[in-house]
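Colleague: There's a structure below that I have some questions on.
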Amino acid sequence: MKTALVIGGSRGIGRAIALKLAGSGFDIWLTYHSNEVAAKEVQSEIEALGRSCEIMGFDVSDYEATRAALEEKCDKQAPDVLVFNSGIVRDNLMVWMTKDEWDAVLDTNLGGFYNVTKSVLFPMLREKRGRIVAISSTAGQIGQAGQVNYSASKAGLIGAVKALAREVGKKNIFVNVVAPGVIETDMTADLPAKEIKPLIPLNKFGVVEDVAATVDFLCSDAQSYIHGQVIGVNGGLAI
Ligand code: NDP
């Protein structure tokens, strides 16, 4: 049975990815930060699909905690898929941005990728197979005012994935980025929709299933030649 490790799978996009991959036959290892109730709900939904789901709570920005949760587990059984989806925003104009706002976003969104991937990569290399998908953002491709920290973290993910793809492609490990635009989740619930939608060529926000379907495709046997790429799911926001 194939296993997918979904980082930040308790809510929003990560939840939809976990459910979609479970529907495609993966057993799920699902992580969350603090919302155990939400994680348990997703666990039940996945079990109702006939797949197993193990939940783990830890802070991806904490290297020791992340390694403690994942290192031994992944060494025993390399997951077939890693989706690095967890992410936070701490928006502010750069002129007002605090060091804490900068550090929290970089440590979680980019540092978290290092902390998680360190546990997964060696076992995947040993097995000579794996699919890694990192969830970046349109902000990482074109920049977003009020999000210098977030845009930097998401652009950093793109650089990291491109370099990693060059390192591990020969070992049959696929590494790609999915970069969503504005997707309806808790993260975007307070955005002024009336002002933002006209900036999007499709004139609407995306739904979590749009992103989940793309991740599912990248992790499926239907594709064996997309590698080191950034796939936008953004209604045309970045063209
Ligand atoms: P949500 O805020 O709805 O969910 C975030 C998920 O990440 C939750 O599962 C949360 O766990 C987990 N998480 C957050 N911080 C940490 C941490 N420090 N350690 C471990 N897990 C953590 O976000 P979205 O679903 O909206 O976004 C998912 C990803 O997609 C993010 O990386 C985001 O940047 C990116 N994205 C989102 C867009 C959007 O429009 N929504 C657009 C572009 C990119 P818990 O439930 O325990 O808090």
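Colleague: Note down all Cβ pairs under 6 Å where the first residue falls in the stretch 125-138 and is closer than 11 Å to ALA78 by Cβ, the second is assigned to a strand (DSSP E or B) and open to solvent by less than 50 Å² (accessible area, probe 1.4 Å), and they're at least six residues apart or on different chains.
Modeller: GLY130/ILE173
Colleague: Still on this structure: Residues that are within 15 Å of the chain's Cα centre (by Cα), at least 3 per element: which helices (runs of 4 or more DSSP H) completely within the stretch 127-203 meet that?
Modeller: So the answer is 138-142, 148-168.
Colleague: Name the residue that is nearest to ASP91 (Cα to Cα), counting only residues in the stretch 148-162 that are open to solvent by less than 20 Å² (accessible area, probe 1.4 Å) and among the small types (Gly, Ala, Ser).
Modeller: Step by step, filter the stretch 148-162, then rank; the result is SER151.
A quick yes/no check of all residues on (1) surrounded by 13 or more Cβ atoms within 10 Å (Cβ to Cβ); (2) within 12 Å of the ligand (Cβ to nearest atom); (3) touching a residue at least 24 places away in the same chain (Cβ under 8 Å); (4) of a type in the set (D, E, K, R):
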{"residue": "THR188", "(1), (2), (3), (4)": "yes, yes, no, no"}
{"residue": "ILE200", "(1), (2), (3), (4)": "yes, yes, yes, no"}
{"residue": "VAL211", "(1), (2), (3), (4)": "yes, yes, yes, no"}
{"residue": "HIS227", "(1), (2), (3), (4)": "yes, no, yes, no"}
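Colleague: Restricting to strands (runs of 3 or more DSSP E) lying wholly in the stretch 1-84: which have 3 or more residues that are modelled with pLDDT of 95 or more and open to solvent by 30 Å² or more (accessible area, probe 1.4 Å)? Step through it out loud before you land on a result.
Modeller: Values: elements: 3-7, 27-32, 53-57, 81-84.
Qualifying strands (runs of 3 or more DSSP E): 53-57.
Colleague: Tally the residues that are away from the ligand (no atom under 15 Å from the Cβ), touching a residue at least 40 places away in the same chain (Cβ under 8 Å) and closer than 29 Å to PRO79 by Cα, restricting the search to the stretch 139-186.
Modeller: Summing the residues that are away from the ligand (no atom under 15 Å from the Cβ), touching a residue at least 40 places away in the same chain (Cβ under 8 Å) and closer than 29 Å to PRO79 by Cα in the stretch 139-186 gives 11.
Colleague: Additional query: Please go through (1) among the small types (Gly, Ala, Ser); (2) crowded, with 19+ Cβ neighbours inside 10 Å; (3) farther than 23 Å from LEU191 by Cβ for ALA165 and return the number of the only condition it doesn't satisfy.
Modeller: Result: ALA165 fails condition (2) only.
Colleague: Does the stretch 103-124 include one or more residues that are without any contact (Cβ under 8 Å) to a residue 40 or more places away in the chain and within 10 Å of the ligand (Cβ to nearest atom)?
Modeller: Taking every residue of the stretch 103-124 in turn, none turns out to be without any contact (Cβ under 8 Å) to a residue 40 or more places away in the chain and within 10 Å of the ligand (Cβ to nearest atom).
The values are calculated or read from the model by the stated rules, or taken from the named source; none is laboratory data. Every value quoted in this text rests on a predicted model; they were computed, and no experiment measured them. Cβ sites come from the backbone with ideal geometry, for glycine too, and all protein chains shown count toward neighbours. Areas reflect the complete protein model, heavy atoms only, side chains present, ligands, DNA and RNA absent. Shrake-Rupley method; radii C 1.70, N 1.55, O 1.52, S 1.80 Å.
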